[in-house]
1. I'm trying to understand the selection: among the residues of the range A:213-231, which are more than 9 Å from chain B (Cβ to nearest Cβ) and either surrounded by 15 or more Cβ atoms within 10 Å (Cβ to Cβ) or at pLDDT below 90 (or both)?
2. Only one of B:227, B:299 is of a type outside the set (D, E, K, R), surrounded by 15 or more Cβ atoms within 10 Å (Cβ to Cβ), farther than 30 Å from residue B:8 by Cβ and at pLDDT 90 or above; which?
3. List every residue pair whose Cβ atoms lie under 6 Å apart, where the two residues are 6 or more positions apart in sequence or sit on different chains, the first residue falls within the range B:85-109 and is at the interface with chain A (Cβ under 7 Å from one of its Cβ atoms) and at positive phi, and the second residue, located anywhere, is surrounded by fewer than 19 Cβ atoms within 10 Å (Cβ to Cβ) and outside any loop (DSSP other than H, G, I, E, B).
4. Given the criteria at negative phi and within 14 Å of another protein chain (Cβ to nearest Cβ), does residue A:234 qualify?
5. For the range B:15-31, which positions are closer than 16 Å to residue B:217 by Cβ and surrounded by fewer than 22 Cβ atoms within 10 Å (Cβ to Cβ)?
6. Go through (1) in contact (Cβ under 8 Å) with a residue 40 or more places away in the chain; (2) surrounded by 14 or more Cβ atoms within 10 Å (Cβ to Cβ); (3) of a type outside the set (Phe, Trp, Tyr) for residue B:56 and report which single condition fails.
7. So for the range A:194-202 (the condition being of a type in the set (Val, Ile, Thr) and either within 30 Å of residue B:165 (Cβ to Cβ) or at pLDDT below 90 (or both)), does at least one residue qualify?
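The values are calculated or read from the model by the stated rules, or taken from the named source; none is laboratory data. Please read these numbers as outputs of a predicted model, since none were measured by experiment. Backbone-built Cβ (ideal geometry, glycine too); neighbour counts: all protein chains shown.
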Amino acid sequence: MSVAVLPMPPASVGRRVSSFLYTHGWLFLALLLVPPVLWLGIIYLGSLLALLLQSFFYIDEFTGQVVQEFSLRTYGQLFTAANMDVILRTATMAASVTLLDAAIAFPIAYYAARYAKGRWKAAFYLAVMLPLWSSYLVRVYAWKLILAKEGIITWVATQLHLGWAVDGVLSIPVVGGSSLSASYIGTWLVFSYIWLPYMILPLQAALERVPRSVIEASADLGARPGETFRKVILPLAFPGVVAGSIFTFSLTLGDYIIPGIIGSSRPFIGQVVLQHQGTAGNIPLAAAFTVVPIAIMAVYLWIAKRLGAFHAL
Amino acid sequence: MAKQATTAIEFAGVSRHFAEVRAVDAVTFTIADGEFFSMLGPSGSGKTTCLRLIAGFERPTEGRILLHGRDMAGVPPFERDVNTVFQDYALFPHMNVRDNVAYGLMIRKMPRAERYARAHEMLEMVKLSGLGERRPGQLSGGQRQRVALARALVNRPSVLLLDEPLGALDLKLREQMQEELKAIQRQVGITFIYVTHDQGEALAMSDRIAVFNHGRIEQIGAPAEIYDRPATEFVAGFVGVSNLIEGAAAERILGSSRSFTVRPERIRIAASGTASPGDACSAEGRVAGLSFLGATTRYKVDIGNGTELSVIRQNSDGLPSDDIGVGDTVRLIWEKRQNNMLAADKR
């Protein structure tokens with residue numbers, strides 16, 4: 001009883017191409033990488049470099065034209081009081097948004113990672129991603145209505161006789177305002193809402209990677225649940241927090257839509273850039289402002305690396 | 001003065017149900033202080049669940065578990081004087097080896113100098129001194145296993161639980177670790193409760209073995225007793241290789257149809273027609289298969305009535321001789337006292 005050997009299928013063009021690519025693996029890799037590398041190199045980095053190049057030029061005060069000579073005076077203009085205000089405002093907002101998002105995301109991500117099973121986990125992902133299916137602008141305007149003086153928050157507060165609490169919050173100096181939708185607090189809340197999925201998902205991934213046996217081992221060795229949380233879970237989840245914070249921080253630094261709709265009319269970096277490159281025609285200054293978030297993120301990432309956030313990599 | 005054997009662990013009618021599945025089914029036994037006790041069985045037999053019940057990671061649905069006479073109902077794992085060596089070692093990836101080992105002592109608020117000294121001592125005992133600054137990710141499997149052991153032992157628990165700790169190691173390393181574990185247990189003198197599916201491991205290391213099957217214990221006893229006098233067909237088949245003779249074949253050989261087992265190494269294989277002593281059992285058969293196993297040769301002999309017996313012969317005179325080959329008719333002879341009569345299978 002013998003087993004007949006099946007003949008090899010006939011050599012077609014497709015098979016020859018596949019065999020060639022298989023034996024010349026580098027070529028296959030190159031073919032895969034060329035489109036995204038071109039995209040990254042030419043369209044993204046190229047345009048970014050072109051913009052940054054502009055930041056070393058300056059505007060001649062009399063003619064209003066861009067003088068294409070290398071100079072640092074445009075950067076010098078960043079250090080005026082008004083411009084430093086903008087930078088500080090944006091950076092502070094980015095930091096506070098990051099903190100609020102981390103605080104909200106942690107319990108949600110923790111529950112999803114450790115307790116949600118099967119169908120509930122899928123439901124969780126859906127719930128987190130669902131807002132991203134709708135328009136960004138629609139969500140921001142929805143918040144404007146919610147936070148308005150005649151909006152639902154004020155209404156509920158009044159019904160619960162907590163109107164005084166809302167007024168108290170609004171009267172906090174600097175961050176308060178005439179209504180929630182016209183104060184920094186409102187901006188802070190909306191930013192935090194919009195970027196929340198980007199904090200939840202990396203955090204949940206990091207928490208899921210903590211093996212159950214490691215948590216059991218900590219309990220086995222005598223640690224109470226609170227101690228296990230502080231000494232084992234939190235350090236292991238920290239890279240996830242940093243990954244999420246990179247999103248919230250950088251996205252807030254560059255955003256120009258939300259501060260324009262919600263909050264005081266004092267500008268953020270994104271709005272300033274838009275203004276300078278648009279109506280004012282001051283491309284060098286717009287470019288200089290663009291460098292600021294890049295520089296801030298570079299410092300941020302360096303600190304994150306020192307704190308061990310990229311250990312897992 | 002005779003040493004009083006105190007009871008370390010007692011299970012009284014313990015059951016653990018997961019919905020309709022009875023992972024542990026009305027299990028009762030005791031473990032004495034200082035003994036090396038193994039829980040042996042196939043996957044899903046309930047042995048790991050029993051271990052987790054002792055550690056406190058699971059709660060029994062019925063029954064009581066006592067640790068040194070104290071009922072463990074409602075006592076969480078961090079309040080039990082029990083430590084576990086996990087199957088995947090469960091080392092803390094964000095701490096180095098020394099901090100891993102000293103973790104339990106840190107939780108107990110022992111001052112740093114003292115706990116580092118004790119951790120160092122422990123690492124020496126498991127032959128890992130000098131690796132204190134390394135991280136778990138930089139260690140080999142065998143080294144991680146030792147760190148897990150050191151981390152559990154440093155707290156001087158009264159009972160140490162080991163959940164298939166040698167499963168991921170290769171054969172040579174596993175055998176070496178078996179000897180070292182046995183030596184450490186004798187040196188430290190605490191109760192070891194060892195879960196494994198490897199019957200050879202259990203036989204080599206234990207003072208007593210409990211054989212698990214489908215959530216119940218089929219037999220508890222010393223290794224020699226389990227091997228020589230298996231109580232049920234399952235134990236006979238799971239612990240070592242055994243020949244099961246039942247029905248018509250049993251009738252022919254022993255005169256009654258009661259099932260019995262006999263170990264392959266106790267059967268002598270000889271040429272057909274060899275005379276056998278009066279009180280011995282014998283059977284004629286045809287050699288259906290032959291395997292060279294290095295130190296021994298295994299023969300499969302068909303003796304009729306649908307029964308094929310395994311016979312193991314030691315290759316003490318060099319390689320297997322050409323006297324017996326596949327297809328030959330042979331005579332199998334063994335002493336009556338080597339037969340193990342089976343009780344009715346406990347299902």
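1. Selection gives A:229 alone.
2. B:299
3. Final answer for the pair search is B:90/A:213.
4. Values: at negative phi: yes; within 14 Å of another protein chain (Cβ to nearest Cβ): yes.
When the stated conditions are applied, residue A:234 passes them.
5. B:15, B:22, B:23, B:25, B:26, B:28, B:29, B:30
6. The failed condition is (1).
7. Among the residues of the range A:194-202, not one is of a type in the set (Val, Ile, Thr) and either within 30 Å of residue B:165 (Cβ to Cβ) or at pLDDT below 90 (or both), which makes the answer no.
Matching residues to (1) hydrophobic (A, V, I, L, M, F, W, C); (2) assigned to a loop (DSSP other than H, G, I, E, B); (3) surrounded by fewer than 20 Cβ atoms within 10 Å (Cβ to Cβ):
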site: A:164; (1), (2), (3): yes, no, yes
site: A:169; (1), (2), (3): yes, no, yes
site: A:172; (1), (2), (3): yes, yes, yes
site: A:177; (1), (2), (3): no, yes, yes
site: A:187; (1), (2), (3): no, no, no
site: A:190; (1), (2), (3): yes, no, no
site: A:198; (1), (2), (3): no, no, no
site: A:202; (1), (2), (3): no, no, no
site: A:206; (1), (2), (3): yes, no, no
